[in-house]
Structure formats: C-alpha cells, structure tokens
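This structure is in structure tokens; I'll ask about it shortly.
The values are calculated or read from the model by the stated rules, or taken from the named source; none is laboratory data. Everything numeric in this text was worked out from a predicted model, so none of it was measured. Ideal geometry is used to build each Cβ from the backbone, glycine not excepted, and the neighbour counts take in all protein chains shown.
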There are 2 protein chains.
Amino acid sequence: MSGANNEFDLIARIRTRAGTRDDVLLGIGDDAAILRMPAGHDLVVSTDTLNIGVHFPPDTAPSDIGWKALAVNLSDLAAMGATPAWCTLNLTLPEANSGWLDAFLDGFLELAALHDVALVGGDTTRGPLSITVTVHGFVPHGAALRRSGAQVGDDVWISGTVGDAAAGLALHGQATRNLRERLDRPTPRIALGLALRDNASACIDVSDGLLADLGHVVLASHVGAEVDVALLPISGELLDAFDATSRIAMQLGGGDDYELCFTAAPARAADVTAAAKRAGVVVTRIGRIEAQTGLRVRGADGVVREAQANGYRHFDTPRDEAWQP
Amino acid sequence: MSGANNEFDLIARIRTRAGTRDDVLLGIGDDAAILRMPAGHDLVVSTDTLNIGVHFPPDTAPSDIGWKALAVNLSDLAAMGATPAWCTLNLTLPEANSGWLDAFLDGFLELAALHDVALVGGDTTRGPLSITVTVHGFVPHGAALRRSGAQVGDDVWISGTVGDAAAGLALHGQATRNLRERLDRPTPRIALGLALRDNASACIDVSDGLLADLGHVVLASHVGAEVDVALLPISGELLDAFDATSRIAMQLGGGDDYELCFTAAPARAADVTAAAKRAGVVVTRIGRIEAQTGLRVRGADGVVREAQANGYRHFDTPRDEAWQP
C-alpha cells in the first residue's frame, strides 16, 4: 500500500494491459477466471517454468524474457494442433520493479496479441526471478496431434532450421542478430500445427534438441527412426559460424529452436508441403520411421550409427525437461 | 539419464502416482494435456505460487508443502463455487531428491484424491524451492460466485474460525497440533462453496486476512461493510494462547485460514445455515454490508472504528497477493 512499486501496483499495471476476448467471462480481479469453451472442442493445457540462468541468459532483455516465456508454452499448443485462447502468468520477482515489469509485458503481450491470447490471471510473488506460464487452447473433439501416432514407413519432417538457438547461445555477444533472436524470441509454429492436424501422424516441438524430442516421439509410438544429416535444414548464419562437426552437433542436439518435428505417411507429402506453404513455413523431410526401435543417424559419410538422444535435460545438466504438458 | 535421481525419474515417479479421471483424454506424457469439458459448464481457472520462507516456514514437512500447494488453489475454486477437476504442477527444486518428492506427493495427492482432482501435467526445473499449481474446475453456465455481488443490507458470513493459521505461525514450535495444522494443512471449503452457489451474493477465500479479503469484496461490489468483533468465531486454542488484543489482531488480520467469507441477503440466513450444515461446516454471521464504502470494525467496547485492510500483501512485506486467479 505504501510505495509506487508495491504488488497491487504491479497487478494494476498487468490488469490494465492484459487484453481480453469474448469468451473470457471474468478475467483478472477475482479468485479465479471464468472461461467459456466453444462447443465440440476439447481443452488443451500446457505449462512451463523459466528460471534465470537456466532457461535464459542473465543478460536477456526483459522484453525478450516476456516473449520467450509465452512462446515456449504456445509452442506446446502448436505441437498439439491447438488454437491458443488464454494464459495465466506467475511471476516471482526479486523486487517490485515496475520498469522491468513494463518491459517484460511489452514482449509477453506483443506475442499474446499476435495469437489473440488473453491473459486471464496469475500471481506475483517475491523471490529469485522465475516465470511460470500456463496456456489454454482448443481442438475439435479428437483432432489433437500427439507424440504417439508415428507409423512405420512415415516420413520424419522438421519445420524451419535447427541449431540456430544453440548457436545463438554459444556465440553469445558475437551472435548475429538473427541467431540471437532465434534464442531470445522463438516463433511458436501455431499456424503450422493447425495446418498439420489433417496430415501429420505425430508431432512434437523441438525444445530439448531434435534427437531428444524425436526420441520422445518414437518412444511414445513404439517405433524407431533414422535421420539423415545431409537432409537437415540449416541457416546461412549457422553455416558461416561453425565447422561441420559443431554444426551437426547443434542441429541434432541443440535445444530451444521450437520448430515442429512431425511424422506423416509418404502419400501425404504433397499435402504436408501445401499445408506448410499456407502456414508460411518451410518444412523439410529429414528421415523415416522404422520398425526397429531407437534412433539412428546417417552421417555425411553415408554411415548409419546408433544415436544417443542428446538434448538438454534434467538435473544432470543445468536444464530441465518439461514432463508435460 | 545417468542417475537414480535425474529428472526423468522424477517425472516417472509423478506420472505413476498422478491418478486420472474419465474426462482426461491425455494426461502426463505429451506436449500438453487434452481435457473434455462437461456440456453446459464454464471453465474456472486459478493459479498460485508458493515460495519457501514466504508461503511456508522452511521447516515445513514436504508432505505438508504438497498439501498446502494444492489446498490454496482449491480454496480459490471453492470461493467461486466450482467443482475441481484437474491441476498442473510446476516444481522448481534445488536438487533432484526423490525422497523429498515422494513425501511432497504424499500430501499433494492425498488432497487431490479427496476432491477427485487429476494431476494432468507440469514441469520440473532446478532452482530455489518454488511450487506453482494451476487448478481447473467447472461451474454451470452463469452460476459462479464472484467478489462483486454484495448488496447493501446483506449479511457478512465467515466459515469455521479465523486467526488460527496466524497463531500457528506465531507460536511455531509451541503451537498446538491443531493450530499448526491450520497453518500447514488448510481445508479448502469446496463443499461449502458448492452449497452457497444458490444462496450467497458474493464470496472470497480468506488467504490474506479477513479484513483484507472482505476489503476486496466491498471494493469489487462498490459497497462497504461493518464487522463486529464480538461475533467473530474463535477456536479454543486461539482463545487459550493469546490475550484479547493479539487474538483480535489475528482474527481480523491473520492470513492463511482459507475459510470462505461471503455475503447473503438476510432472508437467506436459514438457507445459508442449512447449506453449511449439509457441507459439514459451521458458518457465523459477523457483520453487514453497508452503502458507505470502506470497512468498519465494531470493537469489544461497542465503538465503531474505520479499519485498515491489514492483511499480508505485496512487496512491502515478505508475502504476495494473488492478483487472480
């Protein structure tokens, strides 16, 4: 009550800027939000926590932290083929700093507006900087994409390019603006996820690394996969900045790209590329689903080797893995 | 991948114990959960973060932390008159300690089972101990209780007794088991919230203190209220442990009781007490809604004084306020 930067002021700042939608019957300002689901749809819910020094470098701009906190969650909805609708925001801050909050909201709400996502509630607490976002979206009954639908013989596809965020992190101050943006301002592939609902057999977003996440797909689908290094899409910046060994390691193992890795029957290939074109995203066929479990990588030398899913993960490394959603 | 306590082991432990419901189409294990809403109902969503040393004393048993993390969220659903259904759990832990996690889940899942709440997803990350829970429930279209419905002339009611959690905190090691349980294992008043849907005009849960939370009701309803200290329900333990001045301060200002404070037309008084009896909770009339804004307290001396809403809040104190939901 006493200062200009106390928590009620923070809440008032958030509430003023939160935006709304017709299906938000009650947003910020009560014990809970009241939301109206469209008939014939299922609710899709995902949540992720971002901690300073773990999920973003300490020098990350507050507006980029805000963008990324929402982006990584929307990316999960994209992987399900869901239409985003609402989110909540739990902010733990070391101090009530309205300047920091305003900048954070600049990035967060810029991305929210792009996808018509209403911020309907949350919580502010004091402690080491930590951000939890929970997102809610819809899919028509039974239409959601899952990790578990990959079939033997399906093509393995990836959107965009992979390894860029890892390159942005490795190069840090020396990164090109594009590579740093791949790390700080990932693009959730919402339109692609929607376009793939009728075409893909399984889908996941690449948060922990291509092999790690494809590993989740083949495990959930009780199949295996071979990925061909020669087919992996690569950005010009990544090509310029690293030798082949480093590049391939980043493409296969680097996290934080938030591209969609998905599978589809070969007969669907033309539909897949047409759907991706409508969504404004390039997609590339990078491998094949096989009956033999596990992951194999065909190297630049043409030799196929067993692969370790080698992404960021758990408490063995300074990174987490969302255990869903 | 290497240790017995890495994150995938934590996730596997959580997933094995999470339980489910028929309306959970997809729970833990994909990019998001898929949930089926009942027809004719609205979705009610609330979220709260608990940080060590702020929302619970550092010596709190892990099972009690688990209980409380869910209880404070279910209490928000109770205040809306919602039926709980699903929750997500974001756990930030200093280390991957499966013993701690098992004990935490003991308390969390014990309360979840009592209210048929399925744990459908979440996230585990590394950092200072922090827990975010997001709960989802249903209400029939338009039936939710809100803070904003209090009418001039309504009675002000409170469930149970107030000040006990504050007493448990103040007495710490000297607290009776009951007072310490009020602090560590609050009871979300779900059945009462449901029973009040047809009878109450406004409702809130007492997390920040009776006056602070009643202050939110009168502000949202554009009215005021007078509370009579002589009418405040009190536990025998609180009566025994403190003098009158301390007791009254705890009853009016102490947080963490998670009772429901609600308003109802005087003509509804018999219905309210009957509904509370069905819900197995004692409710007490403690004041009246008035046209004059602000809060007033009638003291034991019969003198009415203007009151400061004096609960825990913001960054002025080591406590937060949920800014909703």
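Give just the number: which of (1) out of contact with any Leu (no Cβ under 6 Å at 6 or more places or on another chain); (2) surrounded by 12 or more Cβ atoms within 10 Å (Cβ to Cβ) does A:ALA291 not satisfy?
Here A:ALA291 clears every test but (2).
Can you list the strands (runs of 3 or more DSSP E) lying wholly within the stretch A:267-307 that have 3 or more residues being modelled with pLDDT of 95 or more?
Where strands (runs of 3 or more DSSP E) fall fully within the stretch A:267-307 and carry at least 3 residues being modelled with pLDDT of 95 or more, they are A:283-290, A:294-298.
Quickly run through the stretch B:232-253 and pick out the residues that are closer than 16 Å to B:LEU295 by Cα and either modelled with pLDDT under 95 or in a helix (DSSP H, G or I) (or both).
B:ILE248, B:ALA249, B:GLN251, B:LEU252, B:GLY253
Looking at the stretch B:213-247 only, could you name the residues that are surrounded by fewer than 16 Cβ atoms within 10 Å (Cβ to Cβ) and β-branched (Val, Ile, Thr)?
Within the stretch B:213-247, B:THR245 is the sole residue that qualifies.
Something else about it: Take the stretch A:175-207 and flag every residue that is charged (D, E, K, R), touching a residue at least 60 places away in the same chain (Cβ under 8 Å) and surrounded by fewer than 21 Cβ atoms within 10 Å (Cβ to Cβ).
Selection gives A:ARG185, A:ARG197, A:ASP198.
This table checks each residue for (1) closer than 28 Å to A:ALA202 by Cβ; (2) surrounded by fewer than 22 Cβ atoms within 10 Å (Cβ to Cβ).
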position	(1), (2)
B:ASP9	yes, yes
B:ALA12	yes, yes
B:THR16	yes, yes
B:ARG21	yes, yes
B:ASP30	yes, no
B:GLY40	no, yes
B:SER46	no, no
B:ILE52	no, yes
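Determine, yes or no, whether A:ASN97 is modelled with pLDDT of 95 or more and within 11 Å of chain B (Cβ to nearest Cβ).
no
Determine, yes or no, whether B:ILE11 is under 23 Å from the mean Cα position of the chain (by Cα) and assigned to a helix (DSSP H, G or I).
no
Rundown of residues vs (1) among the aromatic types (Phe, Trp, Tyr); (2) touching a Leu at 6+ places or on another chain (Cβ under 7 Å); (3) within 14 Å of chain B (Cβ to nearest Cβ), yes/no style:
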{"site": "A:GLY142", "(1), (2), (3)": "no, no, yes"}
{"site": "A:SER148", "(1), (2), (3)": "no, no, yes"}
{"site": "A:TRP157", "(1), (2), (3)": "yes, no, no"}
{"site": "A:ALA165", "(1), (2), (3)": "no, yes, no"}
{"site": "A:ASP184", "(1), (2), (3)": "no, no, no"}
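Read through the list (1) outside any loop (DSSP other than H, G, I, E, B); (2) without any contact (Cβ under 8 Å) to a residue 40 or more places away in the chain, then give the number of the only condition that B:PRO58 fails.
Status for B:PRO58: all satisfied but (1).
Would you pick out the residues in the stretch A:26-50 that are within 7 Å of chain B (Cβ to nearest Cβ) and part of a loop (DSSP other than H, G, I, E, B)?
The answer is A:ILE28, A:GLY29, A:ASP30, A:ASP31, A:ALA32, A:ARG36, A:MET37.
Sticking with this one: How many of the residues in the stretch A:61-70 are assigned to a loop (DSSP other than H, G, I, E, B) and under 14 Å from the mean Cα position of the chain (by Cα)?
The total comes to 0.
Another question, if that's okay. Among the numbered conditions (1) more than 8 Å from chain B (Cβ to nearest Cβ); (2) in contact (Cβ under 8 Å) with a residue 40 or more places away in the chain, tell me where A:MET80 comes up short.
Unmet condition: (1).
Check the stretch A:259-276 and report whether any residue there is in contact (Cβ under 8 Å) with a residue 60 or more places away in the chain, of a type outside the set (A, V, I, L, M, F, W, C) and buried (at least 22 other Cβ atoms within 10 Å of the Cβ).
yes
Follow-up. Within the stretch B:102-140, restricting attention to residues that are touching a His at 6+ places or on another chain (Cβ under 8 Å) and more than 8 Å from chain A (Cβ to nearest Cβ), which residue is surrounded by the most Cβ atoms within 10 Å (Cβ to Cβ)?
Ranking the candidates gives B:PHE138 first.
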